[in-house]
1. Per-residue ellipticity at 222 nm for the chain, helices alone: DSSP H runs ≥ 4 residues times -39500 (n - 2.57), over residue total, nearest 500 deg cm²/dmol?
2. Just to be sure I understand: of the beta bridges DSSP finds with both ends in the chain, what percent are antiparallel, rounded to 5?
3. Do any trypsin sites (Lys or Arg not before Pro) in the stretch 267-303 lie in a DSSP loop with no more than 10 other beta carbon atoms within 10 Å, and if so, which?
4. For a protection proxy built on the mean count of beta-carbon atoms within 10 angstrom, sort 161-170, 307-316 highest first, please.
5. Would you work out the relative contact order for the chain, in percent, from Cα pairs under 8 angstrom that are 6 or more residues apart?
6. On a C-alpha basis, how far is the centre of the stretch 88-125 from the centre of the stretch 266-320 in Å? Whole number, if you could?
7. Normalised by the residues of the stretch 160-273, what does the relative contact order come to in percent, with Cα pairs under 8 Å and at least six apart?
8. Within the stretch 215-320, report the GluC sites (Glu not before Pro) that DSSP leaves as loop and that have at most 14 other Cβ atoms within 10 Å.
Amino acid sequence: MEEQHNPSVTVLMPAYNAGPYIAEAIDSVLQQTFTDFEFIIINDGSTDNTAEILKQYSDPRIIVKSQKNRGLIDTLNDGIKMSRGEYIARMDADDMCLPERLEVQYNFLITHPDYDMVGCESDVVDKDGNFLTHLVPVGHSHEEIVEQIDRKCPFIHPCVMLKKDMAIKAGLYPKNALTFEDHLLWKKMLSIGKVCNLKQVLFKVRFNPESVTIDEKWRGPEFIEIRRRSVHNGYVSEEDAVALKELIANQNFSSYKQASYYAMVGKKYLWNKPDGVKARHHFGQAIKHYPKNVASYLLYLFSFIPAGLRVRLYKSLKKK
């Protein structure tokens, strides 16, 4: 009997109600210049047309697992356990890989065996695929990442490729670190081996209203403090886990997420890609969906300041 070939890389992509975007995400993986991979897609209890879209694909590298909704953290950990690749490339169902993403990251890890994980830079697009800005991690070298790890998440989560055995050794994604499970895993992996981000754009992150990602400022000061304390300690305490679960549950409703999305895009049009008209449109939508957020009104007014002055003010405030 012929021995089964284990692929070098597992691309791991959870999917929940990703119908509008998942085909573009899948196509970007199947069009990679590197081909020795399996593509695990876990449909986490989607209620839209995600399952129907997945049935349209017959590529033998695709492995689809459908399940009742379990949430992102359990889904990722299950995917890691079932993977056959030595390396795992994370992928989200609304994002896109550039064609050489897997090849570049795999070649780096093969030629630098002392590294356990590698990330990259990314472009950011809106829900319709329009370019918004360039996303640069807070650190590139291992030393820069160690310096920044307690302050900010140093990796763009769906952009990383990591060694499977190191993720398992680090304990996988912590189950009670809701919305910052990746940050806490990276902190644990830093105690095991070396990591870095490549100074190369290999990815497109999509902002969209359906995403589980909400601007941290919209989460509020309690969330920010729980996250800061947990990352610093390397774990989420039982007390913080209870508070975090309640806080997230109270915020994950449609109008709040819609408002957060429009405010996040509006800020990109304030200073990353200055356009006062588009900024006001997005802040107007944010106010419409969730009128209780005072910052949306202030930023709407801020958009009337001439673009050049607006950008200079932003840069000077950011330095402080």
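Rule-based calculations on the coordinates, nothing more; no lab input. What you see is a predicted model; the values in this text were computed from it and never measured. No Cβ is skipped: glycine too gets one built from the backbone with ideal geometry, and neighbour counts run over all protein chains shown.
1. One gets -13000 deg cm²/dmol as the mean residue ellipticity at 222 nm.
2. Of the beta bridges lying entirely in the chain, close to 30 percent run antiparallel.
3. Values: sites: Lys267, Lys268, Lys278, Arg280, Lys288, Lys292; in loops: Lys292.
Of the trypsin sites (Lys or Arg not before Pro), the ones in loops of the stretch 267-303 whose Cβ has at most 10 other Cβ atoms within 10 Å are Lys292.
4. Highest to lowest by the protection proxy: 161-170, 307-316.
5. 15
6. 32
7. Value for the stretch 160-273: 30 percent.
8. Working: sites: Glu216, Glu222, Glu225, Glu238, Glu239, Glu246; in loops: none.
Within the stretch 215-320, no GluC sites (Glu not before Pro) qualify (loop, at most 14 other Cβ atoms within 10 Å).
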